[in-house]
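What follows is a single structure, written as structure tokens, with notes after it.
The values are calculated or read from the model by the stated rules, or taken from the named source; none is laboratory data. Computed from a predicted model, the values in this text were never measured in an experiment. All Cβ positions, glycine included, derive from the backbone under ideal geometry; neighbour counts span all protein chains shown.
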Amino acid sequence: MGNPVVHWELMSKDPAKVADFYAKIFGWKVQHHPELNYRVVETGAEGEMRGINGGIVKPDKPGPWPGNMLFYILVDDLAAYRKKIVAAGGKIHVEEQKVPGMGKFSLFTDPEGRMMGLWKAKTK
């Protein structure tokens, strides 16, 4: 199994404005989920050069947010990859958090401070 990027997120002080910008420019469809403080973005990821979808969120904590953007990398074992990250000089910021009905994630920064995510999809 490879470890593809499966999701991205833009951190924003004004998610509605950012969502409107990308929708106007690229035709992305954005669904606001106020109960989650989250906007799901469908980029039209189809065809031969299939892209990925993402989200826009206003973090609960004040900025700065490292990188202002996250990529989520699919893994089969969050704990094992957290150990690899620390051993390679990275830092764990969120050990493990559930996304109901979807899976779990961890957040880390690489040695230069870029925030990234690990994603473990829910198994059936």
Inset, instruction - Residue by residue through the range 85-124, note down the ones that are surrounded by 14 or more Cβ atoms within 10 Å (Cβ to Cβ) and part of a helix (DSSP H, G or I). - result: I85
Inset, instruction - Please verify whether the range 32-50 includes one or more residues that are assigned to a helix (DSSP H, G or I) and among the β-branched types (V, I, T). - result: no
Inset, instruction - Specify the residue that is surrounded by the most Cβ atoms within 10 Å (Cβ to Cβ); the eligible residues are those in the range 1-31 that are small (G, A, S) and outside any helix (DSSP H, G or I). - result: S12
Inset, instruction - Check N53 against each of (1) under 15 Å from the mean Cα position of the chain (by Cα); (2) closer than 22 Å to S106 by Cα; (3) at pLDDT 90 or above and name the one condition it does not meet. - result: (3)
Inset, instruction - Could you check, for the range 16-30, whether at least one of its residues is under 18 Å from G103 (Cα atoms), touching a Gly at 6+ places or on another chain (Cβ under 8 Å) and not polar (S, T, N, Q)? - result: no
